[in-house]
Amino acid sequence: MKTAVYPGSFDPVTLGHMDIIHRAALMFDHLTVAVGININKRATFSPEERVDFLKRAIAAEGLHNVTVEAYHGLIADYAASLNANTLVRGLRAMSDFESEFQMALANRRINQQVDTAFLVTNVEYMYLSSSLVREIGHYGGDISEFVPQCLAEDIAKRLKQNKPNI
Ligand code: ADP
C-alpha cells in the first residue's frame, strides 16, 4: 500500500491546500494530512481547530482515503511511524523553493526511507496562503473565495474575534 503524509501548519486550511490534498489522494492509496507545529510561525488557530477544519473539508469533499492527525516532533519520524515513505508538499513560487529544498534534504538525512514529492500549485491558487486569509479575515474582508465553503463562516467569525495585538 502506498501511503503518503502531507504535513503543514494549515493555519487555516485554504483552497490551495485542498487542491494539493485532492491531487495527492489520487496518487496514493492513503494520505495522512499531518497538522504540525512550525516553531518559526506563531499559529492563530489551535491544533484542534486546524484538525477539525481539515476533517470537515475532507468529509464535505467525500475523500475516503484521507485522514487528518496532529503530530509533534520531527515529520520524518512521524512518517516512519505510519510506514509512509513519501512526504507531499506544494510549491507555489520560487520563494517556496529554497526552504522546501532544504527541508526535503534534511528529512532524507533524518530518515533515508523518506522522499518528498512536490506538487506544483494550481495556477488559480498560486497567490493563496493561510497568512493572506488571516490578514483579510482580521479586517473583516470576504474570505469565502479562499477557503472551503463549509468553513468560510466559522473561519471568518473566528478571525474577526482574534484582534491584532497592537
Ligand atoms: P508550513 O507552515 O509547513 O509551510 P503551510 O500550511 O503554510 O505549512 O503549507 C503546507 C504546504 O502546502 C506547503 O508545502 C506549502 O507550500 C503548500 N501550500 C500552501 N498554500 C498552497 C497553495 N496555494 N498552492 C499549493 N501549495 C500550497
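Observations on the model:
- There is no residue in region 38-55 that is of a type in the set (Val, Ile, Thr), touching a Ser or Thr at 6+ places or on another chain (Cβ under 6 Å) and closer than 25 Å to Pro148 by Cβ.
- Of all residues in region 91-105, those being in contact (Cβ under 8 Å) with a residue 24 or more places away in the chain and out of contact with any Ser or Thr (no Cβ under 6 Å at 6 or more places or on another chain) number 2.
- Leu159 vs. criteria of a type outside the set (Ser, Thr, Tyr), away from the ligand (no atom under 14 Å from the Cβ), buried (at least 17 other Cβ atoms within 10 Å of the Cβ) and under 16 Å from Ile21 (Cβ atoms): no
- From Phe118, Phe53, Phe97, residue being touching a Leu at 6+ places or on another chain (Cβ under 7 Å), closer than 18 Å to Ile20 by Cβ and not in a helix (DSSP H, G or I): Phe118
- The set of residues in region 57-73 being under 16 Å from the mean Cα position of the chain (by Cα) and among the aliphatic types (A, V, I, L, M) consists of Ala57, Ile58, Ala59, Leu63, Val66, Val68, Ala70.
- Within region 33-49, one or more residues are within 12 Å of the ligand (Cβ to nearest atom), surrounded by 12 or more Cβ atoms within 10 Å (Cβ to Cβ), of a type in the set (Phe, Trp, Tyr) and within 15 Å of Gly8 (Cβ to Cβ).
- Restricting attention to region 17-50, the residues being part of a loop (DSSP other than H, G, I, E, B), in contact with a strand residue (DSSP E or B) (Cβ under 7 Å, 6 or more places away or on another chain) and either under 21 Å from Ser99 (Cα atoms) or acidic (Asp, Glu) (or both) number 2.
- Complete set of residues in region 48-64 that are touching a residue at least 24 places away in the same chain (Cβ under 8 Å) and either touching a Gly at 6+ places or on another chain (Cβ under 7 Å) or of a type in the set (Val, Ile, Thr) (or both): Ile58
- Neighbours by Cβ (under 8 Å, 6+ apart or cross-chain): first from region 108-130, over 19 Å from Phe146 (Cα atoms); second of a type outside the set (Phe, Trp, Tyr) and assigned to a loop (DSSP other than H, G, I, E, B): Arg108/Val114; Ile110/Leu74; Gln113/Asn85; Val114/Ala84; Val114/Asn85; Asp115/Asn85
All of the numbers you see were taken from the coordinates with simple rules; none came from a lab. Since the model is a prediction, treat every value here as computed from it, not as a measurement. In this analysis, Cβ positions are derived from the backbone assuming ideal geometry, glycine residues included, and neighbour counts consider all displayed protein chains.
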